[in-house]
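What follows is calculated from the coordinates using simple rules that are stated; it is not laboratory data. If you're wondering where the values come from, they're calculated on a predicted model, not measured in any experiment. FYI the Cβ positions are ideal-geometry reconstructions off the backbone, even for glycines, and counts take in every protein chain you see.
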Amino acid sequence: MGAFEVWPGPMEGVGRGGFIAAVNQLKLVPRWMTPFFRVSHELPRRRKLETFLLPFLAADVPVCVQLMGTEPELIGCAAREFVQMGAESVNLNFGCPSRQVSSGGAGGGALRHPEKLASFCRTVKAALPENIPLSVKMRAGWEDENEMDTLFQEVISSGVVSKIFFHYRTVKELYSVQPVEVRLSRVYRAVKLCRSIPLIANGDISSVTEAQELVSASGCAGVMIARPWLRDPYLLRRFDDASVPDAVSGRERFFAELKERALPEGALIELALMLWGRDSAQFKQLIAGKRG
């Protein structure tokens, strides 16, 4: 099997501040896709855009900025600003399943109106320098996987999307547990619908072997790994370097680096929960210290 792309999931609510600095210091990612930056009714001030993007740019890896909203003209303006700051590519979030987000038509809510997707993509791309790639992140549908045919047709018909990041669940399925066979069948179907456009598969991938098997079986161009990466901080590096720390020692090393960043106690507790779980000694020790 040839090499394939490996991406860290954006992980909204986690990818910020000291977390980004710790990841960069340990060189845990080969590239970044930022959590979504939401553009609502006006273009944010330049300082706000810089505060969001510059921590990701501190590492010498490519950065893809992910944007979300309902007004493509504003998103295009923000995308152009981010590119001027150093972002190498732009991604449109059509997949966030949060009810607060999707109910207003942003994120996964955009999938309820597939007829608008092509125009949306073209408008944003028109605001970018010609050499800047535009990708989308989308789900299998709003409530039914049979929506995939129409959704992919509309996105591809825009003629401006260079890559599709595909989370195999529908918006309505949120993050519910699904059989492995469901993921494989939907990813395989999505790859066929993409034709020549590379597809990066996302959702429940937790090991190098699992990623290799999915790529081999589906023909996708790569994988995106989010929460499982936090349980094994060196996972993304392990695709190219088998000598990196294992999951147990990797968590310890990463958490030590996080503490060096002077994160707020609440943020450390949240990250410990993600790294080790609620029943772990590490998490319980932090909770006990807070109560004491």
*May I ask you to derive the FRET efficiency for Arg46 and Ala262 from their Cβ-Cβ distance with R0 = 25 Å, giving the value to the nearest 0.05?*
0.40
*the chain: DSSP helices with Cα axial extent of at least 24 Å and average Kyte-Doolittle hydropathy no lower than -1.0*: none
*asked:* Charges on Cβ only, +1 for Lys and Arg, -1 for Asp and Glu, centred on the Cα centroid of the stretch 199-292; of Ala221, Thr209, Ile287, which one is farthest towards the dipole's positive end?
replied: Ile287
*Say R0 is 41 Å: what FRET efficiency, to the nearest 0.05, do Ile287 and Gln25 get from their beta-carbon distance?*
0.95
*Give me the lysines in straight-line cross-link reach of Lys163: C-alpha distance below 16 Å, same-chain residues under 8 apart excluded.*
Lys125, Lys137, Lys192
*Just check the stretch 14-165 against the gyration tensor rule for me: Cα atoms, a ≥ b ≥ c as the square roots of the eigenvalues, rounded for a/c under 1.5, and otherwise prolate or oblate depending on whether a/b exceeds b/c.*
prolate
_Ala217 versus Asp149: modelled label distance in nm, points set 7 Å from Cα along the beta carbon direction_ = 2.4 nm
*Under a point spin-label approximation (7 Å from Cα along Cα-to-Cβ), what is the Ala58-Asp241 distance to one decimal in nm?*
1.9 nm
_Centroid-to-centroid separation of the stretch 75-105 and the stretch 155-209 [C-alpha atoms, Å]_ = 19 Å
*For Lys284, which lysines qualify as cross-link partners when the Cα separation must be under 26 Å and same-chain residues fewer than eight apart are set aside?*
Lys259
_Cα-centred dipole magnitude for the stretch 5-262, charges only on beta-carbon of K, R (+1) and D, E (-1), debye, nearest 20_ = 460 debye
*If R0 is 22 Å, what FRET efficiency do you get for Glu252 and Glu181 from their C-beta distance, rounded to 0.05?*
0.05
_Prolate/oblate/rounded call for the stretch 5-262, Cα gyration tensor, a/c under 1.5 rounded_ = oblate
_For the chain, the longest site-free run once trypsin sites (Lys or Arg not before Pro) in DSSP loop states with at most 12 other Cβ atoms within 10 Å are removed_ = 46-194
_Quick check: pseudo-label points 7 Å beyond the Cα along Cα→Cβ at Arg112 and Arg278, how many nm apart are they?_
3.1 nm
